[in-house]
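The values are calculated or read from the model by the stated rules, or taken from the named source; none is laboratory data. Bear in mind the structure is a predicted one, so any value in this text is a computation, not a measurement. Quick reminder, even Gly has a Cβ in these numbers, built from the backbone with ideal geometry, and neighbours come from all protein chains shown.
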Amino acid sequence: MNLRKTFAITIMIILAAATGFSMSAKPPAATNEKKDIGEKPKVTFIELGSKKCIPCRMMQKVMDEVEKDYGSKVKVVFYDVWTDEGRPFGERYKIKLIPTQIFFDENGVEYFRHEGFYPKEEVDKVLQQGGARK
């Protein structure tokens with residue numbers, strides 16, 4: 001990927017995170033609805049999967065727990081890549097299989113990626129690596 005394209009994607013991710021834009025098929029948890037408008041999440045956790053995939057459905061519980069435990073410190077986004085709305089995100093992030101988890105720091109820079117089911121304990125380690133604390 002050339003530098004100009006990488007820069008453009010990074011800017012889009014930062015703008016999406018800053019404005020709260022999401023094409024998530026999953027609404028945010030109630031704890032995120034009360035966050036301070038000026039507060040920027042330390043980590044954006046993107047889950048690319050499908051509501052029809054068993055390991056992806058297992059990740060829904062992990063995502064719910066992350067939203068509950070971290071509140072506004074972590075922005076959780078889910079894209080169902082088996083739908084017309086979610087498919088472009090699978091292409092954008094060049095996923096090879098589902099579920100795939102991608103973690104971005106507060107500047108929108110990807111710092112970790114995992115493919116397959118990822119247990120909550122391991123997700124916690126990656127979130128803390130990115131500066132998010134419960």
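If the requirement is being modelled with pLDDT of 95 or more and either surrounded by fewer than 15 Cβ atoms within 10 Å (Cβ to Cβ) or not aromatic (F, W, Y) (or both), which of these qualifies: K40, K73? If you could, list the steps in order and put the result at the bottom.
On the way: K40 fails: modelled with pLDDT of 95 or more.
Exactly one residue qualifies, and that residue is K73.
Scanning the range 106-134 for residues that are surrounded by 17 or more Cβ atoms within 10 Å (Cβ to Cβ) and out of contact with any helix residue (DSSP H, G or I) (no Cβ under 9 Å at 6 or more places or on another chain) gives V126, G130. Could you tell me whether any residue of the range 51-58 is out of contact with any helix residue (DSSP H, G or I) (no Cβ under 8 Å at 6 or more places or on another chain), without any contact (Cβ under 8 Å) to a residue 60 or more places away in the chain and closer than 21 Å to E39 by Cα? So far as the range 51-58 goes, no, none of its residues is out of contact with any helix residue (DSSP H, G or I) (no Cβ under 8 Å at 6 or more places or on another chain), without any contact (Cβ under 8 Å) to a residue 60 or more places away in the chain and closer than 21 Å to E39 by Cα.
Taken over the range 76-99, residues that are closer than 16 Å to M59 by Cβ and either polar (S, T, N, Q) or part of a strand (DSSP E or B) (or both) amount to 5.
Among residues belonging to the range 100-134 that are assigned to a helix (DSSP H, G or I) and touching a Lys or Arg at 6+ places or on another chain (Cβ under 9 Å), point out the one that is farthest from W82 (Cα to Cα).
Result: Q128.
One line per residue, one yes/no per condition, for (1) buried (at least 17 other Cβ atoms within 10 Å of the Cβ); (2) of a type outside the set (A, V, I, L, M, F, W, C); (3) closer than 15 Å to G130 by Cα:
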residue	(1), (2), (3)
E65	no, yes, no
W82	no, no, no
R87	no, yes, no
I95	yes, no, no
